[in-house]
Amino acid sequence: MRVQTLGLAAVLSSSIPLASGQCSRDALQAAADHYVATRSTGLMNLRPLLIENASYIENNNATALTGGVLSQTMIPAHNRSTIDTTACATYTELIVVDEAKPYVIGTQIRYKATNTSSSPDGPRYGGLRAVLIDSVVSTTGSWMFNASQTLSHVIEENWGPIVDASKRDTRATLQQAADRYLDLWGPNATAAAEKVPWGTPCRRLEGSMYTGQGRPDDRCDVGLPEGSSPPNTNRRYVIDEEAGSVNVLCTFQTMQDAPDSHEFRVEGGRLRYVHTMTVCACVFGGR
């Protein structure tokens, strides 16, 4: 597992671009939409979005573009993307309910601005090209996995934009909320829990297990750990202030170093929804 972690760190350090002022929301949304569209048409149609030496990480492992789920075709029953203009990145949640190959996939894509005159496709995404695609791919056998059940919960939630800009949380507030939740796994979970900005109601979707009952007092803190445990490491963020969303891909050390995605909806500084996907055939609880 150490080799895997070092490989991940090496790819991330060499692939994540510096933020660019040319990363407009419209261009990033167009790029994310293209990624979603090519899931049903194949890798060849994705290539115009990629720089020549783009990197791909699947479940925290450096992977050839042609070697993982990215090379497969699928028909998503659900997709939702968030936009990070500061980090020049997008995050996309996909749910595929195909009985033969069901998936719930969380994908961060990081971009850099290129010369739009260098390619006939240049202007299509505002000159952006994907440098790194980083996916957590959960499927049959993953923690609490049931794509159809996950879909049934997701479609009932409201992840729409926070229209009133004065009510949007800052980037720092969003990341802090995510980090405080993820710090529940670490040296002192009891102390960490006191800092988590729990909202009411709050609903947690862990794989396909849902804490929401449609009640005004639904809680996200059900079944969470107590005491000391290994931390969540290798955190990578996509933060969208307009959507009140922060996604974190990480290594979930408590669950056998599992590749993991946590996405949070934050409203008024407090957690409203939590979505998790964890690639682990674990047999214990405490998420």
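Readers should treat all values here as calculations from the given coordinates under stated rules, not as data from a laboratory. None of these values were measured; they are calculated from a predicted model. Cβ coordinates were reconstructed from backbone atoms using ideal geometry, including for glycine residues, and neighbour counts include every protein chain displayed.
Some observations on this one:
- Label sites at ALA62 and SER152, each approximated as a point 7 angstrom past Cα along Cα to Cβ, lie 4.3 nm apart.
- Order of ARG219, ARG168, ARG265 - criterion: other Cβ atoms within 10 Å of each residue's Cβ, fewest first: ARG219, ARG168, ARG265
- The length gained by stretching the chain between THR190 and SER40 to full extension, at 0.36 nm per residue less their Cα-Cα distance, is 49.5 nm.
- Pairs of Cα atoms nearer than 8 Å and 6+ residues apart set the relative contact order; for the chain it is 17 percent.
- Taking other C-beta atoms within 10 Å as the exposure proxy, ASP260, ASP240 rank ASP240, ASP260 from fewest upward.
- Per-residue HN-Hα couplings for the range 268-279 [Karplus 6.51, -1.76, 1.60; θ = phi - 60°; Hz; x = Gly/Pro]: x, x, 10, 5, 10, 9, 9, 10, 10, 9, 9, 8
- Along the range 124-135 the Karplus relation, 6.51 cos²θ - 1.76 cosθ + 1.60 evaluated at θ = phi - 60°, assigns HN-Hα couplings of 4, 10, x, x, 7, 9, 6, 9, 9, 10, 10, 10 Hz to successive residues, with x for each Gly and Pro.
- Cβ-Cβ FRET estimate between ARG171 and GLU99, R0 fixed at 45 Å, reported to 0.05: 0.65
- The chain: translational diffusion in µm²/s, Stokes-Einstein, Kirkwood Rh over Cα pairs, 25 °C, 0.890 mPa s: 128
- Shape category assigned to the range 137-241 from the gyration tensor of Cα positions, a/c cut at 1.5: rounded
- Put simply, the amide H of ALA77, placed in the peptide plane, has neighbours under 5 Å in ILE95, VAL96, VAL97, leaving out anything fewer than 5 places away on its chain.
- Cross-link reach is defined here as a Cα-Cα straight distance under 28 Å, omitting same-chain residues fewer than 8 places apart; for LYS167 the lysines meeting it are LYS195.
- Among ASP134, ASP169, sorting on how many other beta-carbon atoms sit within 10 Å of each Cβ, with the fewest leading, yields ASP169, ASP134.
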